[in-house]
Amino acid sequence: MCPEQQEVSLAAGDHLAPPKANARFPRDVTATAATRCPERGIAFKFGGSSLLGADRILHAAALVRAAAAASPVTVVVSAMKGVTDTLLEIAGKLTRNEFAKALEAAEHLVVLHLGVLNGLQLP
């Protein structure tokens, strides 16, 4: 993979996050940028705030779709912002026998994910 295409992450405001100090990739990833190493492809990593909500997920999908038109694409996703922390909190509550509090936190995650699924308006 080309060094300038090693990692892309989204930040608030539908813009790409600033590159890391040693990274060398353009601020805007488009199909044009993906053509720099079309035979090797491009990798995207999305997680946290870049996946928080249907609009952010759709934005990430649009970035991937544009890059995939020019080269092979690999996509890695992690949890939406706050989900991992909430899962860890639930585990802690369960180990302390705080079942009602664990259930409440789990139900919150279900509502969060169902809201996102509804916002995606999948067929």
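Which three semi-axes in whole Å describe the equivalent ellipsoid of region 68-123, each the square root of 5 times a Cα gyration tensor eigenvalue, listed largest first?
Numbers: eigenvalues 200, 49, 7 Å².
The answer is 32, 16, 6 Å, longest axis first.
Computed from backbone phi, the HN-Hα couplings of region 66-80 come to 5, 5, 5, 5, 10, 6, x, 10, 10, 10, 10, 10, 10, 5, 5 Hz, rounded to whole numbers (Karplus: 6.51 cos²θ - 1.76 cosθ + 1.60, θ = phi - 60°; Gly and Pro given as x).
Quick one: which of 52-65, 96-109, 78-91 comes out on top by average Cβ neighbours within 10 Å, and what's the full order, highest first?
52-65, 78-91, 96-109
At an R0 of 35 angstrom, the distance between the Cβ atoms of residue 61 and residue 86 translates into a FRET efficiency of 0.90. Within the shell defined by Cβ-Cβ distances under 9 Å, the residues around residue 49 carry a net charge of +2, with Lys and Arg each +1 and Asp and Glu each -1.
Just so you know, all these numbers are worked out from the coordinates, no wet-lab data involved. All of these numbers come straight from a predicted model, not from anything done at the bench. Backbone-built Cβ (ideal geometry, glycine too); neighbour counts: all protein chains shown.
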